[in-house]
Amino acid sequence: MPSTTRHGRRRDTPPPRTGSSETEVLRGFLDYLRTSIAAKVEGAPEPQVRTAAVPSGTNLLGLLNHLTFVERSMFLGDDVTDWQATFQTAPADSVADVVARYRDAVKRANDVLDGCADPGAPVRRPRPDRPAPSIRWALTHMIEETGRHAGHADILRELVDNTTGR
């Protein structure tokens, strides 16, 4: 991740140059976005990291918490019954706790993806009775979901402490 320069600006990291296969390109872009959003939350000051800066109540820590649930649902088959609740963190959760849980979910998701060679194959599920999307669909959805929330995080982090850049 790029270093921070004066005035809270980071040097931008360009999109990744990945391998030539479809899966390598999709995973490369997803990992790029995963790294970007974790960096946006990491080091954000309390209590601003959990303070809503927009009327919807969205905050930096809640965005990363939500993405943790999305990763676990998409790639690990976890059930989520209340998606709106995933945007909230417990008062006792520190920034480090939420970032660590996100990174653990990403690692576990990547472990699942490492065992999938065919992008048209379904994501393996711990419960085979549940339908699963294809690897291709899951990766594309996660790029969209993570990219959308990374954009939200860019704005929220700038509002918190003027930090910009990926």
Against the condition assigned to a helix (DSSP H, G or I), in contact (Cβ under 8 Å) with a residue 60 or more places away in the chain and open to solvent by less than 20 Å² (accessible area, probe 1.4 Å), how does residue 138 come out, does it pass? yes
Residue 17 - would you say it is under 22 Å from residue 139 (Cα atoms) and modelled with pLDDT under 90? yes
What are the residues in segment 81-102 that are surrounded by fewer than 18 Cβ atoms within 10 Å (Cβ to Cβ) and of a type in the set (Ser, Thr, Tyr), if any? 81, 94
Candidates 43, 77 - the one that is closer than 22 Å to residue 13 by Cβ and modelled with pLDDT under 95: 43
Of 60, 156, 76, 113, the only residue that is under 19 Å from residue 22 (Cβ atoms) and surrounded by 14 or more Cβ atoms within 10 Å (Cβ to Cβ) is 113
Give segment 30-63 a look and list any residue that's under 12 Å from the mean Cα position of the chain (by Cα) and small (Gly, Ala, Ser), or say none. 36, 38, 39, 62
Can you name the residue in segment 14-49 that is buried (at least 20 other Cβ atoms within 10 Å of the Cβ) and of a type in the set (D, E, K, R) and is also nearest to residue 107 (Cα to Cα) among such residues? 34
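Yes or no, residue by residue, for (1) among the charged types (D, E, K, R); (2) farther than 18 Å from residue 141 by Cα; (3) over 16 Å from the mean Cα position of the chain (by Cα):
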residue	(1), (2), (3)
67	no, no, no
72	yes, no, no
80	no, no, yes
83	no, no, no
95	no, yes, no
98	no, yes, no
105	no, no, no
109	no, no, no
Sort out which residues of segment 70-109 are closer than 23 Å to residue 27 by Cβ, in a helix (DSSP H, G or I), in contact (Cβ under 8 Å) with a residue 24 or more places away in the chain and not β-branched (Val, Ile, Thr), and write them in order of number. 71, 72, 74, 75, 76, 101, 102, 103, 105, 108, 109
Before we move on, is residue 132 within 12 Å of residue 77 (Cβ to Cβ), of a type in the set (Gly, Ala, Ser) and part of a loop (DSSP other than H, G, I, E, B)? yes
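The values are calculated or read from the model by the stated rules, or taken from the named source; none is laboratory data. On a predicted model such as this, the values are computed, not experimentally measured, just so you know. We place every Cβ from the backbone using ideal geometry, glycine too, and count neighbours over all the protein chains shown. With ligands, DNA and RNA removed, areas are computed over all heavy atoms of the protein, side chains included. Shrake-Rupley method; radii C 1.70, N 1.55, O 1.52, S 1.80 Å.
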